[in-house]
Structures are given as structure tokens and as C-alpha cells.
1. Taking every DSSP beta bridge with both residues inside the chain, roughly what % is antiparallel (nearest 5)?
2. Please compute P(r) over all alpha-carbon pairs of the chain, binned at 20 Å starting from zero, and give each bin as a whole-number percent.
3. Please work out the C-alpha center-to-center distance from region 248-275 to region 12-58 and express it in whole Å.
4. Quick one: check the C-alpha center-to-center distance for region 160-218 versus region 324-344, whole angstrom.
5. Hey, quick one: spin label on Ala83, modelled 7 Å out along Cα-Cβ, who in region 253-294 has an amide N within reach, i.e. under 16 Å?
6. For the chain, set up a Gaussian network in which alpha carbons nearer than 10 Å are linked by springs, and say which option among Pro106, Pro316, Pro300 fluctuates the most.
7. Return the FRET efficiency for the residue pair Asp271, Glu355: r is the Cβ-Cβ distance, R0 is 56 Å, and the value is rounded to the nearest 0.05.
8. Pick out which of Ala346, Ala74, Ala99 has the largest mean-square fluctuation in a Gaussian network model of the chain, springs linking Cα atoms closer than 10 Å.
Amino acid sequence: MPWEEQPIVNQREEFVLRALEPGANIAALCREAGISRKTGYKWINRFKEKGRVGLQDLSRRPRNSPLRASGEAALQVIELRQAHPTWGPKKLHAILLRASDLDEVPSVRTIARIIDRAGLVKKRKRRRQPAAPTDAPNAVQAVPNDLWTVDFKGWWRTRDGRRAEPLTVRDGASRYLLCAELMESTAGAAVRPVFERLFQRYGLPSAIQVDNGAPFASTRSRAGLTTLSAWWVSLGIEVIRGRPGHPQDNGGHERMHLDVRYEVEDVPADDLVAQRAAMEVFRHEFNEVRPHEALDMAVPADVYVKSTRLYRGSRPTPLRPGLDARKVNRNGYVKYRNRSVYVGTAFAGYSVHLEPIDEETTRAWFYELDLGVVEPR
């Protein structure tokens, strides 16, 4: 059989046997075989050490690979990912470290490869993000209860056609999900009892951040307050509003809503009873099972503590020497200088302080808030 048609090991063996003959010209044999002298001597040395086996190609796989995992480890990764489709490699790695019985937990990179090869990574198109706002709210959220964020998650329907619309309340510093409750109404009168229960259970936050939608805020009301948020102010809570049309002002809350969509909304329950149970399961896992990168892979329940500010109802109207206090009637008016002055229905039942500016105009104060100039009607 001609040289070039022989199997590769046979070619090398013939080369080596001829090269080992007395007086063999190694350089000429290398030229004939079409190899370098370095390669020729490599084959000769391998043959001397291991015989014909040494002429076979060696595996290029490293002896120890950090990206290899046992079958049992891969199975656990896949099962965990299937149970929590939105959890990334870092979260899965943290869960395995904490709860797995594996002798060796795969690295984050290995877990990423396992779920990718198992077809469990959904490729999403990247959307161009809007330019970062220059005057977004700069709320302090250094410790738990510095700031709570509040919003309604967009509604969906259960399998029997009922409307599911969760009210969500989240602590900014710890990411703890305080509330994920399906509401039958988004009106302030329906939402207030939920907050009463939250305040009784967790105490009062220093501030609450909201968007500009009902029932939390109104772009046409003084200080943007509604009946609900005016009540928060009366409790001593600062109300922080994002800008209209800028959901990124409350980005952490919106990101949590995305998790609700993937893990709850996309698999609607049969009815509202089952949907409420599914929301509570999500809240439990979000708070006590799911690690958060911003918390150094701890869970929110390990970080959150209740507020030391107890819920005791609305504060007394503060004293403002030299200013008149007037109670706002149910239609939003106060009597001042024998005239009716409109303040707003959000403040009905509360007292406001009135500061005269001139004969016709007056400035109104609600606790610490300057409500601006009000005029008689």
C-alpha cells in the first residue's frame, strides 16, 4: 500500500521502523513523510517509550476541567432550573451550595453551560433602553424601611375568566416583598385596609415611592396627593413620586413585576382562589428561597427587619404659630376670611394651615408639605 494511503498509525510505524535502521537518514525520511524533523523525532521517542500505542494521537482534553460536572450534578441543575425558569446560574449555584447533597457543586460557568445545552436558556432580543433620566427620584434606601415601593402589576385573567390584579409592596433596601395581594378594586378605599394591615404588621416606613397613577398619586392634585397618599403623609410617611412615563424611576419594582409575569401570570391558575395561592407561593420563594445578587446572594428574609416606627394612626395637626388651621370639608373647601377656599378633596377631614400672602391669595400647608397658593372661589 502506498505511503499516503496507509492509516495514520501505520504511516508513523513505518517511518519509525525505517528511522531506527542502522545508518538511516532521518532528514530524508522526514522529507519523504512530509513532516518536520521535530515531529519525526517526537514519533521516534514515543515509540521507544510506549511502543505502537505511543504513535496514536493523544486527547487534547485537560485532565482537570472546571467546566465538567457529574451526571447527578447536571440532573440537579436541570431540575432546579425547570422548577424556576427565570433563575440564573448565580442563583442556582447559591441554592445548590446551600441545599444540595452533591460532593462537588458545579461552578457558575458550568451551570450556565448545563442549562444552555439543555435548551433551558431563552434567547431574548435586547431592547434599546431609554436614556437615563437626569432628575429621577433620589430616595434613600440604605436600611430596611427607609423606602417602600408600591405599584399595581398589570392584570391578567385566570382560566375561568376572572381578573387578577396584584397590589405589590416591596422594601427597597432588603428587596423583601411585603405584599402581593390580588385586588378586586384598585380604588383607594379598597387599598387602604391592605396598608393598615401592613403598617400594623411591619410598622411604618420613612417613605413610600409611587408612580403617578391612581390611587397613589394624581398629577392634578396639590402635591400630587390622593386620599390614600394624603393619609400616608398624616402618618408621617414621605410620599416620593416618579415622573410620568418613566417606569425606570421605580426600576427595582418593575423588575420584580417581570418575575411575577414569568412565574405566575404566564401560567394562570384555574380561579382566583388558586391564583391567590400561587401569588403567595411566589412571595414566599421571592423572600425566603431566591438569592438576590444585590444582597450578596442572601435572601430578603435574612435582611429585612420590622420598622421601629409603630402604626398609631394620623398625627395631630402640627402647631404653626401665627397661622390659622382650618378643617377641609368633604368637598375640599375651607372657610377663610369669610370666603370658601378650595384645597382639594384629597385633604377632606384633615386640617390645613393657611398663610396669608395678600388680600386675595393664601398659601396652604398640610403637615410639612407646602400645597402652594390657594385662591377663594
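The numbers here are math on the coordinates, done by the rules we state, and not lab data. Here the structure is a predicted model, which means the values were calculated and not measured. All Cβ positions, even for glycine, are placed from backbone atoms using ideal geometry, and neighbour counts span all protein chains on display.
1. 80 percent
2. Computed distribution, short to long bins: 21, 36, 19, 13, 8, 3, 0.
3. Region 248-275 and region 12-58 have Cα centres separated by 68 Å.
4. Each part reduced to its Cα centre gives a spacing of 30 Å.
5. Under cut-off, by backbone N: 281-291.
6. Of Pro106, Pro316, Pro300, the most mobile in the Gaussian network model is Pro316.
7. Efficiency, rounded to the nearest 0.05: 0.55.
8. Ala99
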